[in-house]
1. Taking only pairs six or more apart or across chains, which ones have beta-carbon atoms under 9 Å, a first residue in the stretch 95-110 that is over 16 Å from ILE137 (Cα atoms), and a second residue that is open to solvent by less than 10 Å² (accessible area, probe 1.4 Å) and within 7 Å of the ligand (Cβ to nearest atom)?
2. State the number of residues belonging to the stretch 82-123 that are among the basic types (Lys, Arg) and either open to solvent by less than 30 Å² (accessible area, probe 1.4 Å) or outside any loop (DSSP other than H, G, I, E, B) (or both).
3. When you go through (1) surrounded by fewer than 19 Cβ atoms within 10 Å (Cβ to Cβ); (2) among the hydroxyl-bearing types (Ser, Thr, Tyr); (3) within 17 Å of PHE8 (Cα to Cα) one by one for SER135, which number turns out not to apply?
4. Could you pull out the residue among GLY80, GLY130 that is touching a helix residue (DSSP H, G or I) at 6+ places or on another chain (Cβ under 8 Å), in contact (Cβ under 8 Å) with a residue 60 or more places away in the chain and on the phi > 0 side of the Ramachandran plot?
5. Could you list all residues from the stretch 48-106 that are within 16 Å of the ligand (Cβ to nearest atom), touching a strand residue (DSSP E or B) at 6+ places or on another chain (Cβ under 9 Å) and aromatic (Phe, Trp, Tyr)?
6. For the structure I just gave you, tell me whether ALA42 is touching a strand residue (DSSP E or B) at 6+ places or on another chain (Cβ under 7 Å), within 15 Å of ALA139 (Cα to Cα) and surrounded by 14 or more Cβ atoms within 10 Å (Cβ to Cβ).
7. Scan the stretch 1-20 for residues that are at pLDDT 95 or above and loosely packed, with under 15 Cβ neighbours inside 10 Å and report the count.
8. Are any of the residues in the stretch 57-74 in contact with a Ser or Thr (Cβ under 9 Å, 6 or more places away or on another chain), open to solvent by 40 Å² or more (accessible area, probe 1.4 Å) and over 24 Å from ARG5 (Cβ atoms)?
Amino acid sequence: MRMPRTIFILNGPNLNLLGTREPEIYGTATLADIERDCRTEADVYGFDIVFRQSNHEGDLVDWLHEAHREGATAVLLNAGAYTHTSIALHDAIKSISVPVIEVHLSDPETREPFRHLSYVGIAAADCVKGLGARSYIVALQKAAEIAA
Ligand code: DHK
């Protein structure tokens, strides 16, 4: 079944703690704040949003497959630390035809060297990073360009 202009917004480990987690790096917006702002922005484009978070790598893999199965327009993926470790996520992105936009609140490339490699980014169609919670909104705008 093809879903009408649906965007999956998938969030990985520790992002459930946004708001109190290292606010000097990630800001003070909670994940619920980000979800609310994404839904408001999505209304502008007539997108339905599926917004999820998990601390478990396999959930993110399953949800990428689901986005593909359901004919989603795009996926916004902040895989958290799995960004830098997960060949499974890399392979999942390459296995599906839905464009995946990598999203980060911070700019990992300006942080510790172990954050400089992104297995997600190697496979993703695009990336928005370093804008805090606004990274999600800019990524949604890019998804709208893809969908146009
Ligand atoms: C979020 C995380 O949890 C980190 O592991 C990444 C990313 C950066 C972010 O900035 O949104 O390195």
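The values are calculated or read from the model by the stated rules, or taken from the named source; none is laboratory data. Everything numeric here is computed off the predicted structure, so don't read it as measured data. FYI the Cβ positions are ideal-geometry reconstructions off the backbone, even for glycines, and counts take in every protein chain you see. Surface areas here come from the heavy atoms of the whole protein model, side chains and all, with no ligands, DNA or RNA. Shrake-Rupley method; radii C 1.70, N 1.55, O 1.52, S 1.80 Å.
1. PRO108/THR83
2. 2
3. (1)
4. GLY80
5. If the condition is that a residue be within 16 Å of the ligand (Cβ to nearest atom), touching a strand residue (DSSP E or B) at 6+ places or on another chain (Cβ under 9 Å) and aromatic (Phe, Trp, Tyr), then PHE51 is the only one that fits.
6. When the stated conditions are applied, ALA42 passes them.
7. 3
8. Among the residues of the stretch 57-74, at least one is in contact with a Ser or Thr (Cβ under 9 Å, 6 or more places away or on another chain), open to solvent by 40 Å² or more (accessible area, probe 1.4 Å) and over 24 Å from ARG5 (Cβ atoms), which makes the answer yes.
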